[in-house]
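Worksheet: one structure, shown below.
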Amino acid sequence: MREVAVLGIGQSMFGKFPERGAASLGAEAASAALKDAGVKPRDIQVAYTSRWINVGTTCQKILKEVGVTFIEMINVENACAGGATAVRGLWKDIAFGLYDLGIAIGVESINSTSMAGQVIAPDEDLEGELGLTYPGMFALIARRQMAECGATREDFARISVKNHHHGCLNPMAQYQREFTVEEVLNSRMISDPITLLQCCPQTDGAAAVVLCSMDVARKHTTNPVKIIGSALKSGDYAYKQKEIWISPLGAETVKMAYEMAGVGPKDIDLVELHDAFAPEEILRYEDLGLCQHGEGVELLRSGATELGGRIPVNPSGGLLSLGHPLSASGVRVVAEIALHLRGHAGKRQVEGARVGLAHMLGGSVAGLEAGACGIHILAR
Amino acid sequence: MKERVPFQKGLFKEDQGGRLLGNKCSLCGRVYFPKARLCRECGHDELSEIELSRQGTLYTYTIGRMPASHFKPPCFVGYVDLPEGVRVFAPLEIKDGNPLQVGQSMELVISELWEREDKEIIGYKFKPV
């Protein structure tokens, strides 16, 4: 197995663009990543694209806009973990020597569809049919966090306040605005205890990364950012999960990634994770081993996960503030970690970052804990 | 009277006050709802249908304030743990306007969930005992 470098990263504007399609957003991210990598369209040997809504040869539709055609192209879907799945696919192709250089793209155009303004619910699914929605799913977990771990509504609001503060430092964020705990709590109730400002917005956008072998990377840079751990796992049967606020899927996936990378939670300098709904971030602290089960609330209250803290989480603004173009987020988190490791993250830079973790979770399937979890660990 | 149609077949029956229909592995005894094709614990493929208990404990709940699938808000939904070791997601009813509480006893009801054209679509819900 070969080492794989992150040579180029790119992101489109994130926001509500009902007049723009996936091809336009994807091409904006892909061309930014090609330029950042310093490679030409004809250098791309393989391409992966992930999209959840209106799938259909999206990779080809995007890349013909930027001069990439007539190569192996793979379109993948894995709910919100789709982007992580695309990165993982490309990583495998390069790590195992099939190709030397390729691009992974994640894209979503939701506001151009009839899903705009709707709460998203699991489709073709027993629980979805009976009224489960995505905010509802995390509200059900949040209620157990309140019952078992002493989490309060204010704690959940504080996650949103933190990530919106980070988003104010990111010029690419969909919402660059500070909120107070009171404003978050007083925003419209969506699924008790989750209020509107604790929900990720509906976002159109795309992200892309160019990955390559170390031989190729060294021709472009003396100190490349590397992917040192990659893991992707599907959810196990839900009956095996005794408590819904303890995630075997997250714990097992991160264990695989840590083992491959040869690092542990104490070595991680920053984390980008799936904070689709504010209470979820506390759950993920525990999954990823940043603290013990049940201690996520304490970790949050300590300020450790804020910029300037011991282990900043979602310095980009996260899904809550930067926005969540579903399939794009799994690629975007990898790009964000790479940016910090290069030291180019501007006002939100995590100082001296050497090792970072990019997490993404996706999908609700009745009878399973979740659809999939994808984790990449990057280092420089 | 409108025709009553279950929202999905094979999940429940209406008599005896309503029962959820699961199945049980004849080898290891693990119980499933909805029914499993083969035992997910031991891989055994002989499972027999069982009627699940009508009462259980409210594990968690939420009140959705946005429309969800066939339902208009407020949408009370949650997980109820049954004594057979099964956790069931279901719409919930409240009683006399009292708030729901984690850990309270809940009871199965079979009732209309929504309407489709000229049909009454029935399914299962839980209500406080």
- Of the residues that sit in region A:269-314 and are polar (S, T, N, Q) and buried (at least 18 other Cβ atoms within 10 Å of the Cβ), which one is farthest from A:H164 (Cα to Cα)? A:T305
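Yes or no, residue by residue, for (1) among the basic types (K, R); (2) within 24 Å of A:L320 (Cβ to Cβ); (3) part of a helix (DSSP H, G or I):
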residue: A:F70; (1), (2), (3): no, no, no
residue: A:A86; (1), (2), (3): no, yes, yes
residue: A:G89; (1), (2), (3): no, no, yes
residue: A:I94; (1), (2), (3): no, no, yes
residue: A:G97; (1), (2), (3): no, no, no
residue: A:G102; (1), (2), (3): no, no, no
residue: A:V107; (1), (2), (3): no, yes, no
residue: A:S112; (1), (2), (3): no, yes, no
residue: A:A121; (1), (2), (3): no, yes, no
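Within region A:233-241, is even one residue surrounded by 22 or more Cβ atoms within 10 Å (Cβ to Cβ), under 29 Å from A:E108 (Cα atoms), out of contact with any His (no Cβ under 6 Å at 6 or more places or on another chain) and modelled with pLDDT of 95 or more?
From region A:233-241, those surrounded by 22 or more Cβ atoms within 10 Å (Cβ to Cβ) are A:235; that's our starting set.
Filter once more, keeping what is under 29 Å from A:E108 (Cα atoms): A:235.
With the extra rule that they be out of contact with any His (no Cβ under 6 Å at 6 or more places or on another chain), the set shrinks to A:235.
Remaining after also requiring modelled with pLDDT of 95 or more: A:235.
So far as region A:233-241 goes, yes, one or more of its residues are surrounded by 22 or more Cβ atoms within 10 Å (Cβ to Cβ), under 29 Å from A:E108 (Cα atoms), out of contact with any His (no Cβ under 6 Å at 6 or more places or on another chain) and modelled with pLDDT of 95 or more.
Only one residue in A:A353, A:A366 is assigned to a loop (DSSP other than H, G, I, E, B) and within 14 Å of another protein chain (Cβ to nearest Cβ), so which one is that? Give the derivation first.
Working: A:A353 fails: within 14 Å of another protein chain (Cβ to nearest Cβ).
Going through A:A353, A:A366 in turn, the sole match is A:A366.
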- Query: What do you reckon, is A:A208 of a type outside the set (S, T, Y), outside the structural domain of A:A278 (by TED's automatic domain parsing), over 19 Å from the mean Cα position of the chain (by Cα) and modelled with pLDDT of 95 or more?
  - Reply: no
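Just a yes or no: is a residue in region A:73-80 more than 21 Å from A:H376 (Cα to Cα) and not in a strand (DSSP E or B)? First the steps, then the outcome.
We begin by selecting, within region A:73-80, every residue more than 21 Å from A:H376 (Cα to Cα); these are A:73.
Applying the additional criterion that residues be not in a strand (DSSP E or B) yields none.
No, the conditions are met nowhere in region A:73-80.
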- Being within 13 Å of chain A (Cβ to nearest Cβ) and buried (at least 19 other Cβ atoms within 10 Å of the Cβ) is the filter here, so list the residues in region B:32-52 that pass it. B:Y32, B:F33, B:A36, B:C39
- Looking only at residues in region A:139-161 that are within 26 Å of A:Q176 (Cβ to Cβ) and either of a type in the set (S, T, Y) or more than 14 Å from chain B (Cβ to nearest Cβ) (or both), which one is surrounded by the most Cβ atoms within 10 Å (Cβ to Cβ)? A:S160
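Condition test on A:Q145, is it touching an Asp or Glu at 6+ places or on another chain (Cβ under 8 Å) and either polar (S, T, N, Q) or under 29 Å from A:Y285 (Cβ atoms) (or both)?
So A:Q145 fails the test.
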- Task: Sort through A:T85, A:T133 and tell me the only one that's among the polar types (S, T, N, Q) and touching a Pro at 6+ places or on another chain (Cβ under 9 Å).
- Result: A:T133
- Query: Restricting attention to region A:1-40, and to residues there that are assigned to a helix (DSSP H, G or I) and among the charged types (D, E, K, R), which single residue is surrounded by the most Cβ atoms within 10 Å (Cβ to Cβ)?
  - Reply: A:E28
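Of all residues in region A:86-125, which are touching a helix residue (DSSP H, G or I) at 6+ places or on another chain (Cβ under 7 Å) and among the hydroxyl-bearing types (S, T, Y)?
Within region A:86-125, the first condition is being touching a helix residue (DSSP H, G or I) at 6+ places or on another chain (Cβ under 7 Å), and the residues that meet it are A:86-87, A:99-109, A:119-122.
Scanning region A:86-125 gives A:Y99, A:S109.
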- Task: Please determine, by comparing only the residues of region B:104-123 that are farther than 15 Å from B:E3 by Cβ and touching a Gly at 6+ places or on another chain (Cβ under 7 Å), which one is surrounded by the most Cβ atoms within 10 Å (Cβ to Cβ).
- Result: B:M106
- Note on the structure: In region A:123-136, anything assigned to a helix (DSSP H, G or I) and within 9 Å of chain B (Cβ to nearest Cβ) is listed as A:L126, A:E127, A:G128, A:E129, A:P135, A:G136
- Kindly provide the set of residues from region B:71-103 that are surrounded by 13 or more Cβ atoms within 10 Å (Cβ to Cβ) and away from chain A (no Cβ under 12 Å), ordered by number. B:E93, B:I94
- Message: Looking at the structure I just gave you, is B:E115 assigned to a loop (DSSP other than H, G, I, E, B), touching a residue at least 60 places away in the same chain (Cβ under 8 Å) and not polar (S, T, N, Q)?
- Response: no
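The values are calculated or read from the model by the stated rules, or taken from the named source; none is laboratory data. Given the structure is predicted, the values throughout are model-derived calculations rather than measurements. In this analysis, Cβ positions are derived from the backbone assuming ideal geometry, glycine residues included, and neighbour counts consider all displayed protein chains.
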